[in-house]
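The values are calculated or read from the model by the stated rules, or taken from the named source; none is laboratory data. Predicted model, so just to flag it, every value in this text is computed and none were measured. Glycine also receives a Cβ, built like all others from the backbone with ideal geometry; neighbour counts cover every protein chain displayed.
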Amino acid sequence: MIERAGAGPLRRLVVLRHAKSAWPEGVADHRRPLAPRGLRDAPAAGRALAEADCLPDLAVCSTAARARRTWELTSAEWGTPPPVRYDRRLYAAAAPELLDVVRETPRAVDTLLLVGHNPGLQELVLALAGDGLDDTLDRVRAKFPTSALAVLAWRGTGWQALGPGTALLTSFTVPRGKKKGAEGKRGGRKGR
C-alpha cells in the first residue's frame with residue numbers, strides 16, 4: 001500500500017490531537033488551556049512516541065493555547081525536541097487545508113508531527129490512509145479522542161506527493177497519563 005505514493009524514502013506523518021482542554025467561562029476558544037487530564041495525557045503522548053521510536057524531525061502546531069501546551073508537554077519528554085513551527089491555519093482547519101500545510105514540509109524531513117484539532121485531524125487521517133494495520137482504520141473512524149496519536153507511513157521524494165489513499169495507517173493509540181496516587185489502585189475503566 002505504501003508504494004502507491006511513489007519511490008523515495010519512507011516518510012511518516014504523526015498526527016496528534018491536542019490533549020483534553022478546559023472550558024473556563026469567559027475565555028475565548030483559541031485561548032482555552034488544558035484541563036488536569038490534558039496536563040497528564042500530553043506527556044504520556046511524548047513517552048509513547050519515544051517508546052515507538054517515532055520522534056519527529058519537525059513539528060507543526062496550531063496556535064491555539066491547548067495545542068501549544070500539548071506540544072510543550074509532549075516534546076518535554078524527549079532529550080532534544082525538534083524545531084516547531086506554529087501555524088494558525090491548523091486551528092479549525094478541514095482536511096484539505098491541513099494537507100496543504102503538510103505538503104509545505106521541507107524534503108529533508110522524514111517524520112513530521114502535526115498537532116491540531118478535530119474534526120480536521122480525523123478527516124485527514126481517513127483521507128490519507130489507503131489501508132491500515134489491524135483495526136486501526138475502524139478505530140479512527142469510530143473516534144479520534146483528545147491526545148490520540150495516528151502514524152501514517154508512505155514513500156515519496158517530497159511531501160507534495162502525499163495524497164488521498166497513498167499512506168498506510170501503521171498505528172493508532174490514545175496515551176493516557178496516570179492520576180497522582182493511581183499507581184497502586186486497581187480497577188477502573190479499560191480502553192484503548
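The table that follows gives values for the structure above.
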read-out: Breaking point among (1) at positive phi; (2) out of contact with any strand residue (DSSP E or B) (no Cβ under 8 Å at 6 or more places or on another chain); (3) of a type in the set (Gly, Ala, Ser), for Ser147; value: (2)
read-out: Residue among Arg89, Arg17, Arg66, Arg12 that is out of contact with any Pro (no Cβ under 9 Å at 6 or more places or on another chain) and at pLDDT 95 or above; value: Arg89
read-out: Matching residues in the range 39-63 - criterion: being of a type outside the set (A, V, I, L, M, F, W, C) and in contact with a helix residue (DSSP H, G or I) (Cβ under 7 Å, 6 or more places away or on another chain); value: Pro43, Gly46, Ser62, Thr63
read-out: Any hit, the range 92-100, residues being over 16 Å from Val125 (Cβ atoms) and of a type in the set (Gly, Ala, Ser); value: yes
